[in-house]
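The structure appears below as structure tokens.
What follows is calculated from the coordinates using simple rules that are stated; it is not laboratory data. Since the structure is predicted, the reported quantities are computational estimates derived from the model, not experimental observations. Glycine also receives a Cβ, built like all others from the backbone with ideal geometry; neighbour counts cover every protein chain displayed.
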Amino acid sequence: MPSESEPRKFNPKPTWNSRGGDNLIEDFYKPSLKNCNLYQRMSGFFTSTSFTHVAQEILDFIERDGKIELITSPNLSTMDKETIEKSIDDPEQFISAMFFDDLKKDIDNSKIDFAKLIGYMLTHDKLEIKIAIPKDGIGMYHDKIGIMHFDSGDDKLSFAGSANETSAAWKFNSEQLEVFTSWGGERDNVSIRNHQRWFNMVWQNKVDELEIFDLPVAVREHLLEIEPESDVEVEKIKKNIKKLLGESSETQSMSLYDYQKDARDAWIENGCRGLFAMATGTGKTFSAFSCMNKIQNTHERTAIIIACPQKHLLEQWSEELEDYNLGMPESDKVDSSTTVFCDSDYHDWRDKFDKILDQINEKPLGYSEFSKNNFIVFVTHATLGKVGDNSFNERIDNIKNLKKFLIIDEVHNITEKSSMTRLRDDYDFRLGLSATPNRHLDLVGTDIIYNYFHGIVYELTLKKAIDEGYLCKYHYYPSYISLTFDEAEIYDKLTTDIAIIEEQKRKGRYNPKKGDFDPYLQRAYLVQSAVGKFDELKELLHDMSNDLSQTLIYCTSNPSMGFPKGTPTQLIEVQKILSARNIISDSVTFKDKTKDRRRILRDLANDIFDCVTAVKCLDEGVDVPSVKVGIFMASSGNPKQFIQRRGRLLRKSDRTHKTHAKIYDILVTPRIPNDDEVATNRERKLILNELLRCKEFASSSDNESDAIESISEILKGFKIPYEKLTREWVTENTGVWSEEDDDYSPTTETDYLPIE
């Protein structure tokens, strides 16, 4: 038992606001639970994952025989009136089923060891849950009060506010709490007594407007089924939780690979400018962190600007920087004490940036909360290019007496046009990162990137990374389908339309009207979403039935061409196919919030799902090392795209001991000519683009000969010599290759876009 003074070592302030800079988990939740023996909680919503953020505190709570009493509600907020009325007629049965589904999902979406721990807490009377619903069916139970008892109840802390007992509330949402302590005076004690009185009344089912149920039997039985079988397993689970959730006090040390050090040294030797052309999955970001450390140690005052294509990649960079600093010795850590995220989704970024600038430019060292020597700016590519009043670049201009270090991740996205605002001359140090810094079919854009960063200073090819054990080996399995008769007709018509447009462009007569459909995109969508791919996928799934786990399927969010308006998209059709085979899956799209994407990928890694379908939002910068099988439904002729997708699959995973991956690639071909037939130029170009990707994938695989054999019929029918197959050979034999010939690389993932 804690002494009388122990809970008072934590003396919380009266008001907490996560939007105002308060860290509710680290600065309030954890210290409050530290010496708590009884936690009474009223919450409109509850998720078991809320406890994962205080894993160590919960473990300590169990050790000192603490108990949690929770009153919550099933989520009725999204239900229609009819459903709510059913709950009134048979509330116990309804709530049992409803809450079972919700709680079961929550547990399955967290780590299994933590779910077992909850079962253990229920069995050993350390957790008791009651369900509250309004008797009249109007609205929902939505109290949000917490009471923490210390030293057998002599000392208490209570809080009330907007936060539910959910992971999102404690970690992500904008929440405010009012806190009261028994040692805070009579006014606080009055509030605590009122909170306690109300909790007791609800807990004892003494509120006329509410109906209170014990935890439904079905839920309790499910939790008890997974409880640990012995004290030995309990201790093992505790160790696993500390390790998996990062709560262990033991910090794992790490060091840079030799090639990462070589990359950093080559960059320094090149005047702190250069490109890292390193295969996806080889740790370009950690190499960049090492460069950041060198700059910060060399120059007293630095501003480091890190630019990524999307917001979720900025957040991933920030998380990886934290991991880097945790594992590196003190001398190699990066000063990240002052950071700002710059993007339209971060509404107050300008104010925060200006505040930092004010402190850096005007006030003496040590004046404010911000570090004066360095700060790090995370910015999206779009915001990086903003100019004019109140823009990002205006703020860069206002940085005084600091060295400026620009790091652009996925630098191949910088085009000739965008380079004018993004690649400024006033950056003292420059680092560009990409697996493929050469822009596809854009020599001018490529030259701009190379000239600005002063060339490639370090290169690590995929083959070398595989051969030296940095990436997984893999098998490659290409298969092919033909366009249907209707699809072939549409393809020919679109190709004719494109030829007419190209002729108009040459004569300076091309003047598209806003709202006209783009035939280039339509033809791309036709190939990406060819209907024959669905049958091929069914065959693959049948063959993989005994080994379908940790699988990622790349789809397009467009429907098959030639079908009526409203036809389900390829993504939806694939989900239907998976569901029909009882394959547990989820999907990741651009519409998903960053935290939802992370949850889905984490659940895939934890074997909650067998499979995840995805569109282009996973092409760049997303770590999914657990994935061991990739299926390419949405083909890509753009090397930038398919190299990135392959790289996602070849990362090693220490957790799953993954050392090998499999890639299934569905190619699209016109009808294969007979011996006495000659394919047209447009037909050859269609399949040649597919075969170029196929050769790239096969050449680094462990089964190149088998992969070639599986496409031998195509090679023979279209008279294509595999050994000579290169982009240059294609140009010599079919004419100059242009961007319009890349039928598989639309820049959007929305339904057929009109010309802007």
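Placing dummy labels 7 Å off each Cα toward the beta-carbon, the span from Asp426 to Thr567 is 5.3 nm.
Counting neighbouring Cβ atoms within 10 Å and putting the fewest first, the residues Glu209, Glu487 line up as Glu209, Glu487.
Between Asp345 and Asp702, the distance separating the two model label sites (each 7 Å from Cα on the Cα→Cβ line) works out to 3.7 nm. For Phe485 and Arg581, a Förster radius of 41 Å and the Cβ-Cβ distance give a FRET efficiency of 0.90, rounded to the nearest 0.05. Over 25 Å apart at the Cα level, from the set Lys284/Lys473; Lys576/Lys716; Lys533/Lys628; Lys261/Lys464, are Lys576/Lys716. With K and R counted +1 and D and E -1, the other residues having a Cβ less than 13 Å from that of Lys724 yield a net charge of 0.
With a simple spin-label model that places each label point 7 Å from the Cα along the Cα-to-Cβ direction, the separation between His454 and Glu315 comes to 3.6 nm. On full extension, the segment bounded by Lys355 and Asn390 gains 11.2 nm, given 0.36 nm per residue less the C-alpha separation. How are the C-alpha pair distances of the range 258-467 spread across 5 Å bins, as whole percents from the shortest bin up? Going from the shortest bin to the longest, the percentages are 1, 7, 16, 20, 21, 17, 10, 5, 2, 1, 0.
Working note: Karplus 6.51/-1.76/1.60 with θ = phi - 60° gives the range 286-299 the couplings 5, 4, 5, 4, 5, 5, 4, 4, 4, 5, 5, 7, 8, 10 Hz, where Gly and Pro are set to x. Going from the residue with the fewest nearby Cβ atoms within 10 Å to the one with the most, Arg684, Arg301, Arg648, Arg19 rank Arg19, Arg301, Arg684, Arg648.
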